[in-house]
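Visitor: I am attaching a structure below and will ask some questions about it afterwards.
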Amino acid sequence: MASCSSDKNGDRVIFGIDNDVKLGAQVSREIDSTYRANGQLLDRNSSNAGVRRAYTHLDKMVSRLLESGAVSYKDEFAWDVKIINDPENLNAFATPGGHIYVFTGLIKYLDTEDQLAGVLGHEIAHADQRHTVKQLQKQYGINFLLSLILNEGSGEMQQIAGQLAGRLAGLKFSRDYERESDDYSVKYLAATKYYACDGAAGFFQKMQSLAQAGNVPEFISTHPNPDNRIAEIQARAQEAGCSTTPQSKANYNQFKQDLGLL
């Protein structure tokens, strides 16, 4: 059932949480179908023991962030995470309803688990704060999104959902949404007492080094202004008084090795 509410950024949300869940599930099915057909969606039940171990590791990371106490829809959303095998793609994204996708290119390029946790926290926040559905609502309109849900299963709607799914990885959010997701990433990581709470800053520093070398990753093109964001994330971590000591690289290197990225 549709509902109308607003958040602190003044956005009206004409979507009930149940519709986030339904839309996310439908779009996620189309994303899975596309990448599976291309042989890029890694199966968590793969015969490859390394891939299975990698999923166990990634699931544990997501679980730690969800247990932060700051995720509003921890029990309502799916919060499943899937790995897409594309070594050249340094990106991650989330659908409405908490379906998270991470590309192997991103995993390979990052140095520590803290940096990846920072990205995961950022994407969890986009879904949990309903940024994704708000942005889609702005771009496509409420009637279009509701039609996807109400006509689930029709060939036409599957095609449209597939087109929508293909655009999520490059979805551009407002500066306010990006700042809010960065802030929540610090909160999530701090509460785990396991990760350096400014892990997202370490991620942006890595992305910035690529951009300065003239190789602009897709994540930077859709998540701009790394300079300001690094400083803001570090300032937020200082205000929170949380640990900024990164984890040992050993576990993360094992994770990458399990995926054949080392």
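Visitor: Right, Ser68: in contact (Cβ under 8 Å) with a residue 24 or more places away in the chain and either closer than 22 Å to Phe144 by Cβ or under 16 Å from the mean Cα position of the chain (by Cα) (or both) or not? So that I can check it myself, show each step before the final result.
Guide: Values: in contact (Cβ under 8 Å) with a residue 24 or more places away in the chain: yes; either closer than 22 Å to Phe144 by Cβ or under 16 Å from the mean Cα position of the chain (by Cα) (or both): no.
When the stated conditions are applied, Ser68 does not pass them.
Visitor: Please go through segment 182-211 and give me each residue that is within 17 Å of Glu67 (Cα to Cα), of a type outside the set (A, V, I, L, M) and either without any contact (Cβ under 8 Å) to a residue 24 or more places away in the chain or out of contact with any Leu (no Cβ under 9 Å at 6 or more places or on another chain) (or both), ordered by number.
Guide: Scanning segment 182-211 gives Asp183, Tyr184, Lys187, Lys193, Tyr194.
Visitor: Check Gln139, Gln159 and return the single one that is free of Cβ contacts under 8 Å to residues at least 40 places away in the same chain and farther than 15 Å from Leu23 by Cβ. Give the derivation first.
Guide: Numbers: Gln139 fails: farther than 15 Å from Leu23 by Cβ.
Checking each option against the conditions leaves just Gln159.
Residues are listed down the side, and each one gets a yes or a no for (1) free of Cβ contacts under 8 Å to residues at least 12 places away in the same chain; (2) farther than 23 Å from Lys256 by Cβ; (3) part of a loop (DSSP other than H, G, I, E, B); (4) among the hydrophobic types (A, V, I, L, M, F, W, C):
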| position | (1), (2), (3), (4) |
| --- | --- |
| Asp18 | no, yes, no, no |
| Leu23 | no, yes, no, yes |
| Gln26 | no, yes, no, no |
| Thr34 | no, yes, no, no |
| Asn45 | yes, no, yes, no |
| Arg52 | yes, no, no, no |
| His57 | no, no, no, no |
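Visitor: Now, a different point. State all residues of segment 39-96 that are within 25 Å of Lys134 (Cβ to Cβ) and among the small types (Gly, Ala, Ser); if no residue qualifies, say none.
Guide: Within segment 39-96, Ser68, Gly69, Ala70, Ser72, Ala78, Ala92, Ala94 meet the criteria.
Visitor: So, in segment 158-206, exactly how many residues are outside any helix (DSSP H, G or I), under 17 Å from Phe93 (Cα atoms) and small (Gly, Ala, Ser)? Even if it seems obvious, please write down each step before you answer.
Guide: Step one: of segment 158-206, the residues outside any helix (DSSP H, G or I) are 169-174, 193-198.
Those still in the list that are under 17 Å from Phe93 (Cα atoms) too: 169-174.
If we keep only those that are small (Gly, Ala, Ser) too, we end up with 169-170, 174.
Number of matching residues: 3.
Visitor: Looking only at segment 90-136, which residues are free of Cβ contacts under 8 Å to residues at least 24 places away in the same chain and buried (at least 23 other Cβ atoms within 10 Å of the Cβ)? Even if it seems obvious, please write down each step before you answer.
Guide: Of the residues in segment 90-136, the ones free of Cβ contacts under 8 Å to residues at least 24 places away in the same chain are 103, 105.
Answer for segment 90-136, where residues must be free of Cβ contacts under 8 Å to residues at least 24 places away in the same chain and buried (at least 23 other Cβ atoms within 10 Å of the Cβ): just Phe103.
Every number here is computed from the coordinates shown, using simple stated rules; none is lab data. For clarity, every value in this text was computed on a predicted model and none was experimentally measured. Reconstructed Cβ throughout: ideal geometry from the backbone, glycine too, with neighbour counts over all protein chains shown.
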